[in-house]
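J.: Pasting in a structure now, in structure tokens, and then I'll have a few things to ask.
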Amino acid sequence: MIQSMTGYGKSKLEVAGKTFTAEIKSLNSKNLDANVRIPSEFRELELPIRNKLSQSLNRGKVDLSLQVEKHAEESSSKINTKVVENYLKQLQQFPSSTKGDDNRLLQIAMSMPNALSSEKDELEKEDSEAVYKVLDLALEQINTFRTDEGKVLKEDFELRIQNLTDLLSEVKSIDPERIEHVKTRLRKGIEDLKEKIDENRFEQELIYYIEKYDITEEKTRLDNHLSYFIKALNSPDSNGKKLNFICQEIGREINTIGSKSNFAAMQKAVVQMKDELEKIKEQLLNVL
């Protein structure tokens, strides 16, 4: 099933007094172009986050925004236990009026330098897990969005390919008339010259001319390419690049038929085929 590269996903998760919000938007692009915006305290997770985006979304211009909101005021300070214990041991060695007053000694120790740490040394595991979980939920949403958009694209492709198939059938029905038209026009041209001609030589030249403008192989190849496009469209994986390649082959055959047609009715059908093909190419830009 094909997927669109256009998508949107948003998820929220509440963990340990915090709200984690992940919002992902994506547009079409030849490769993965990810713009990641996350709080500074989570910067160490940026590379794993980018890897998740690459594995899940594959291609597209992706914009990820991660926000973390604290529900209540939290103190970022922590007691440096070992430092405080060391201060207490040193204070207990000095004779003073506070000796034996553990509460007073603790107050003094807590007022000493480095007794408190104002910043977290490491990102808490619970926070990291919350980030990955909220990201996975958002990725699930955007992939569902992409799949739904892919279904719409698939229906449009099937319509365009059917239109091309119908136009090809029209070309096939016109072809015998075109050949007769070529024969008539050549004979009329000879008659207008008022010259006697060798009928055998004329037939040979006519055969050469008709073979030169024969489109039997082009019709067959175009028929095969249209069938192959539908087959690739219904494959389990989204394969926009492959469909684009097939589209190029379809265009090559249509152009060749147009250059060889030399017949107004057929050229009109070719113009319509080119119009349908351009619509397919435009939509293929959005296919993953």
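The values are calculated or read from the model by the stated rules, or taken from the named source; none is laboratory data. Predicted model, so just to flag it, every value in this text is computed and none were measured. Cβ coordinates were reconstructed from backbone atoms using ideal geometry, including for glycine residues, and neighbour counts include every protein chain displayed. Each accessible area value is taken on the protein alone, full model and side chains, heavy atoms only, with ligands, DNA and RNA left out. Shrake-Rupley method; radii C 1.70, N 1.55, O 1.52, S 1.80 Å.
J.: How much length, in nm to one decimal, is gained on full extension between Tyr228 and Met110, taken as 0.36 nm per residue of separation minus their Cα-Cα distance? Please report the intermediate quantities before stating the final value.
T.: On the way: separation 118, 0.36 × 118 = 42.48 nm, distance 7.66 nm.
Taking Tyr228 through Met110 to full extension adds about 34.8 nm, to one decimal.
J.: Another question, if that's okay. How do Thr81, Thr6 rank by accessible surface area computed with a 1.4 Å probe, from largest to smallest?
T.: Values: Thr81 80, Thr6 45 Å².
Result, largest first: Thr81, Thr6.
J.: Continuing with this model, one more query. Once ligands and nucleic acids are excluded and a 1.4 Å probe is used, how much of Met112 is accessible, expressed in Å² to the nearest 10?
T.: 70
J.: Mind checking which lysines have their Cα closer than 20 Å to the Cα of Lys212? Skip sequence neighbours fewer than 8 apart in that chain.
T.: The reachable lysines, counting only those whose Cα sits under 20 Å from Lys212, are Lys172, Lys183, Lys188, Lys260.
J.: On to the next question. When the chain is fully extended, how far beyond the present Cα-Cα distance does Asp136 get from Lys183, taking 0.36 nm per residue of separation? Each step should come with its number before you reach the end.
T.: Details: separation 47, 0.36 × 47 = 16.92 nm, distance 6.78 nm.
Between Asp136 and Lys183, full extension yields an extra 10.1 nm.
J.: State the percentage of accessible surface on the chain attributable to carbon and sulfur atoms; use a 1.4 Å probe and exclude ligands, DNA and RNA. Please report the intermediate quantities before stating the final value.
T.: Numbers: 8640 of 17790 Å².
That fraction is 49 percent.
J.: Turning to a different aspect of this structure: List the pairs from Lys82/Lys133; Lys12/Lys154; Lys25/Lys133; Lys18/Lys78; Lys154/Lys268 whose alpha-carbon separation is above 29 Å, in the order I gave them. Display every interim value, and only then the final one.
T.: Details: Lys82/Lys133 35 Å; Lys12/Lys154 31 Å; Lys25/Lys133 18 Å; Lys18/Lys78 19 Å; Lys154/Lys268 27 Å.
Flagged as over cut-off: Lys82/Lys133; Lys12/Lys154.
J.: Where nothing but the Cβ of Lys and Arg (+1) and of Asp and Glu (-1) is charged, how large is the charge dipole of the chain around its Cα centre, in debye to the nearest 20? Mind showing how you got there, number by number?
T.: Working: 45 positive and 51 negative charges, 78 e Å.
The dipole magnitude comes to about 380 debye.
J.: For Lys12, Lys242, write out the residues from largest to smallest accessible area, computed with a 1.4 angstrom probe and no ligands counted.
T.: Output order, biggest surface exposure first: Lys12, Lys242.
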